[in-house]
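In what follows, a structure is listed as structure tokens, so that the remarks can point back to it.
Read the figures in this text as sums done on the coordinates, not as results from a lab. The structure presented is a predicted model; accordingly, all values stated were derived computationally and were not measured. Backbone-built Cβ (ideal geometry, glycine too); neighbour counts: all protein chains shown.
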């Protein structure tokens with residue numbers, strides 16, 4: 001099973017962002033002990049309209065908050081960051097394979113941006 005996820009970000013005044021941190025809360029399902037893992041990738045938008053996967057992370061048994069990505073200069077990972085038609089956004093994919101199981105409860109996305117004062 002694979003899920004595609006996206007989060008709209010607040011619009012930055014100058015289209016620039018800093019310090020992206022993406023986390024999820026999850027881990028081993030109750031009563032399940034084998035094949036416990038989740039693989040996540042961030043999408044990187046391309047000017048040609050295609051997207052590539054980047055920032056691969058794999059997570060296992062322990063239940064808790066886990067960092068999927070931490071990027072100090074994430075502008076290349078923010079889609080539509082200068083668009084007036086669409087919201088700036090980050091996209092990621094999470095997946096299970098080979099009979100693995102993993103419970104995920106919630107996501108957290110943090111980023112710094114500029115506003116007019």
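Overview of values
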| read-out | value |
| --- | --- |
| Gaussian network model of the chain, Cα within-10 Å springs - most flexible of 77, 42, 53 | 53 |
| Label-point separation, residue 63 to residue 101 (7 Å along Cα→Cβ), nm | 1.3 |
| Counting all C-alpha pairs of segment 17-83, share separated by more than 18 Å (%) | 48 |
| Backbone N under 19 Å from the residue 1 label point (7 Å along Cα→Cβ), restricted to segment 84-117 | 92-108 |
| Inter-label distance for residue 11 and residue 46, nm, one decimal - labels placed 7 Å from Cα along Cα-to-Cβ | 2.9 |
| The chain: relative contact order as a whole-number percent, Cα under 8 Å and 6+ apart | 46 |
| 10 Å-binned pair-distance histogram of segment 2-113 (Cα, whole percent) | 14, 44, 28, 12, 2 |
